[in-house]
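The structure appears below as structure tokens.
Read-outs: derived from the displayed coordinates by stated rules, not from any lab. Predicted model, so just to flag it, every value in this text is computed and none were measured. We place every Cβ from the backbone using ideal geometry, glycine too, and count neighbours over all the protein chains shown.
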Amino acid sequence: MFSWVRFYEAIADNLLIYLDKSKRSILMEFVNQLATEFKLSYLLDKGLQDICPFTALGTFNRHIKETTRIEIAKKWAEFLNIEESVPNSFEGIPLLNNQLSWFFTNSENQQQEIDNLWEFYATALKFSNADENYRDEFEQKFDLIMSQSYFPWQLTSGLFWIRPHAYVVLDKASKTYLTDELELIKDDRLSKEHFNGNVYLKLLDDLAMRFNEDYFPIHSFPELYFTALRKYENRTLINENLASNNQWQIILLQFIQELCQDNGSNVFNCKELLDKYGQQLEEEFPNNRVTSNLLTYTLQRMKDKKFFQFLGNGKYRLLNHNIDGKRGEIMENEPDIDAPLIDDPLFVRHPYTLKNLIQEDCFIDKQQLQQMISSITKKKNIILQGPPGTGKTWLAKRLANIIIGYKDSNNIRAIQFHPNLSYEDFIRGFRPTSEGKLALIDGPFLEIIHQARNDPQSKYVMVIEEINRGNPAQIFGEMLTLLEADKRIPSEALELTYRREQENGIYIPDNLYVIGTMNIADRSLALVDFALRRRFAFFTLDPNFSEKWLRYMIKKTGLNSKLLEEIRERMNELNEFIAQDRMLGSAFAIGHSYLTHHRAIPKSEGLVWYQNIIDTEIKPLLEEYWFDEKDKLNKAMKLIKIAYK
């Protein structure tokens, strides 16, 4: 995903030559050419005689068209003799505010500030190579730069550009994610008054340690920023302009008053507001798509000003019917916005339904899929079990998309159980910090519980792969009881084994669903605990070398139908042979996923493709089945052998 990293690191390395001040006139000449060619007004006619490395790199890291960014990056690559390919996408890279694109001030100290930035730049590159000899120097120069800059937080963006895997961005999106979701920062350390180089270095240390944990949701600085950006922009930024608009809030308040009067109650919910006035709101604000998320975000902002009281389950109470009195409060507290109000198309959610799943050529009957969806809706928890290669994980993630309502959602978390996983990993436990102390850290399940409780109008799904490879009863602990659908209410809350101060208990919210997968052929596992079984609905996925499989393979691969029919026949014969073995049974059958291909295969290479799958994937599995029964293994291999013709 982060294919741009090498290019950015190469740019940073080659730019270092201009640490030599005597060569910087060449750099300035190039930057002026860029400014002229691409009309970079913040650099044109400003009387600049010198420039810092971060401001230079900012020329293609601003809010401008991506095609323009690519063209500017190409110019830099040519100027600095960069061999790495210029990125065709800049996804997950922090951008400068177009109006605040200098890293130094326009003051009499400008030249000294630029020199300081170059020195810090060189130190940051050395320290990024895990050279602890430069730690103290980095901290001192970091504090110096923070004290001189107009906009100190953008310095962390510059550090990220030069070494994306060494430095964390601390813009608003990232700080919100670190504080609210990862809960790594629980005090005022990121306030301007208290933030310094020492705090930044400790944060880097803490994150580096957490990245190594299997069940920490992110494992690198680029992934952290990408995730933070998606979450922040998807939930906040696309609505912020309109939600902050005075006229929008006033009109919305008028509609809410009218709705309450019509209902004879001051209690209302977001859905009925959208259903009744959505079209009128879009007519009033034609540049915007009025959605439930937008209304919820606006109501949250207005609730904070005591216009409404949130009652839970999407319901609000209007606290004051005097619209004229509230109008003054809105106008006083929120500046008006004159710019066009447009949703960011980058984060449009694509709806996903059962119809979409079927269109993806799912081999399972529609009736069985409907039964699965119905069960998880009512019971909240299901497990997909079956032999290896039957598409359990593939289906689990798509069922999660259906529950959420759209694809590729941040509301879905996927993890895998294993024998060493513990309650402390999954729910909550003490872990060491970079300061040599122990900290109480929430695991992935408790994290998604908090997300779901704080966002009751959305649905969340935890996908647990290989759920029986661990000890589910031990891993879930007291949470096992709370999984039950009828216990997902605050009154059923239980105290956790590791309790935080002033925590009155935890319950699993009604909008959180759990989908597990289980390979029933794994002989290393014990039977699943009965207490777990009664809290989940179980569905078995069988090998499906059916007519659907045949039609799909003909369409996708273009292989000869006779060859595919023979493959299907051979695999069905093998699975029948496995099912009749008293020591194995149908649980050990070979799933269709092994021989399901999604791209074209030259007809002349069809048999080679099949034999390669047999030799590298299926034969090793059969050898494990009959490791001490060579006769059965040989018979099985003969059943699936297709001679070259």
(message) Using the Kirkwood radius over C-alpha pairs as Rh, can you work out the diffusion coefficient of segment 55-210 via Stokes-Einstein at 25 °C, viscosity 0.890 mPa s, in µm² per second?
(response) 147 µm²/s
(request) Work out, step by step, the length gained on full extension between Asp275 and Asn97: first 0.36 nm times the residue separation, then minus their alpha carbon distance; give nm to one decimal. (result) 60.4 nm
(request) Please report, in cubic angstrom per residue, the volume enclosed by the convex hull of the alpha-carbon atoms of segment 354-540. (result) 132 Å³
(request) Mind pulling up the Rg/Rh value for segment 581-620? Radius of gyration and Kirkwood radius, both on Cα. (result) 1.09
(message) Out of all Cα-Cα pairs in segment 547-639, roughly what percent, to the nearest whole number, are more than 21 Å apart?
(response) 33 percent
(message) Students often check this: by mean Cβ neighbours within 10 Å, which of 512-520, 445-453, 493-501, 553-561 ranks highest, and how do the rest follow?
(response) 512-520, 445-453, 553-561, 493-501
(request) Over 25 Å between C-alpha atoms is what I'm after, so list which of Lys392/Lys632; Lys562/Lys632; Lys126/Lys231; Lys366/Lys392; Lys172/Lys315 land there. (result) Lys392/Lys632; Lys562/Lys632; Lys126/Lys231; Lys172/Lys315
(message) 7 Å from Cα along Cα→Cβ at both Trp394 and Val608: what's the point-to-point distance in nm?
(response) 2.4 nm
(message) Can you give me the distance in nm between label points at Lys366 and Ala579, each placed 7 Å from the Cα along the Cα-to-Cβ direction?
(response) 2.6 nm
(request) Calculate the translational D of segment 33-139 in whole µm² s⁻¹ from Stokes-Einstein, where the hydrodynamic radius comes from the Kirkwood formula applied to all Cα pairs, the temperature is 20 °C and the viscosity 1.002 mPa s. (result) 138 µm²/s
(request) Note down the nm distance, to one decimal, between modelled labels 7 Å out along Cα→Cβ at Glu478 and at Glu223. (result) 3.1 nm
(request) Subtracting the Cα-Cα distance from 0.36 nm times the residue separation, let me have the gained length for Lys407 to Glu132 in nm, one decimal. (result) 94.7 nm
(request) Note the full-extension length gain between Arg533 and Asp214 as 0.36 nm times their separation in residues minus their Cα-Cα distance, in nm to one decimal. (result) 112.2 nm
(message) Let's test the formula: R0 of 41 Å, r as the Cβ-Cβ distance of Glu183 and Lys562. What FRET efficiency results, to the nearest 0.05?
(response) 0.10
